[in-house]
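The values are calculated or read from the model by the stated rules, or taken from the named source; none is laboratory data. What you are looking at is a predicted structure, and each value in this text was computed from that prediction instead of being measured. Cβ: placed from backbone, ideal geometry, glycine included. Neighbour counts: every protein chain shown.
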Amino acid sequence: MVDPITTRRFLFRCLLLVLCAVIIFVQMLPLSTIPGGIPGPDLLFCLTAVWIMRRPRWAPVALIVLVHLVADILFLRPIGLWPAITLVGYEYLRRKAGGSTEISPPLELGISVATFAALVATNALLQFIFGIPQPTIGVLLLHVIMTALAYPFVIAFSHYVARVRRAKPTDLDGSGIAI
């Protein structure tokens, strides 16, 4: 018999993978053929950050890297640059939250958006160093702002629809990490 905690963890990992696949699929759809405009939010970052801040064991590193590598390949970005940068950010968020039940949503929003802004700046700096074409600073700032505006909606979706809630004190193991 498989214990219920392992089954639940596996099912939520599968759900995260499916949600990430849906986000990638929707972003690939040619919804607008007009160049320019306001950049959309990075929903992949928002979803992964929300899950890491709430239930860190439900978003393993291998799954995160796999999803971001596939996104790099499908979006024709430099392969491995964004996954490597975001992995550092996700691990920072994982350590910052630590499965804690005490982080308020506004604080979580602030930490996540600041982390995302740092990751976008690091990505832009590395692309500049390596001579890779990149968007202007104004477009990058709009991207960060749109991601910050979308983050509360992703929190609400994860909480009410996907049922990914912050761990209660009874859900913590002996080391204080959410199971």
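Side notes on the structure shown:
- Taking the criterion of being charged (D, E, K, R), part of a loop (DSSP other than H, G, I, E, B) and either closer than 28 Å to Thr7 by Cβ or in contact with a Lys or Arg (Cβ under 7 Å, 6 or more places away or on another chain) (or both), no residue of region 58-101 qualifies.
- Failed criterion for Leu107 (all others in (1) over 16 Å from the mean Cα position of the chain (by Cα); (2) part of a helix (DSSP H, G or I); (3) in contact (Cβ under 8 Å) with a residue 12 or more places away in the chain; (4) under 26 Å from His159 (Cα atoms) hold): (3)
- Residue ID - modelled with the highest pLDDT, chosen from residues in region 40-60 that are farther than 16 Å from Leu142 by Cβ and among the aromatic types (Phe, Trp, Tyr): Trp51
- Boolean, Ala124 is among the small types (Gly, Ala, Ser), assigned to a helix (DSSP H, G or I) and either exposed (fewer than 15 other Cβ atoms within 10 Å of the Cβ) or in contact with a Phe, Trp or Tyr (Cβ under 7 Å, 6 or more places away or on another chain) (or both): no
- Once region 40-56 is narrowed to residues that are within 8 Å of the chain's Cα centre (by Cα) and surrounded by fewer than 23 Cβ atoms within 10 Å (Cβ to Cβ), the residue that is nearest to Tyr90 (Cα to Cα) is Leu44.
- Of residues in region 57-84 being aliphatic (A, V, I, L, M) and within 12 Å of the chain's Cα centre (by Cα), the one surrounded by the fewest Cβ atoms within 10 Å (Cβ to Cβ): Val61
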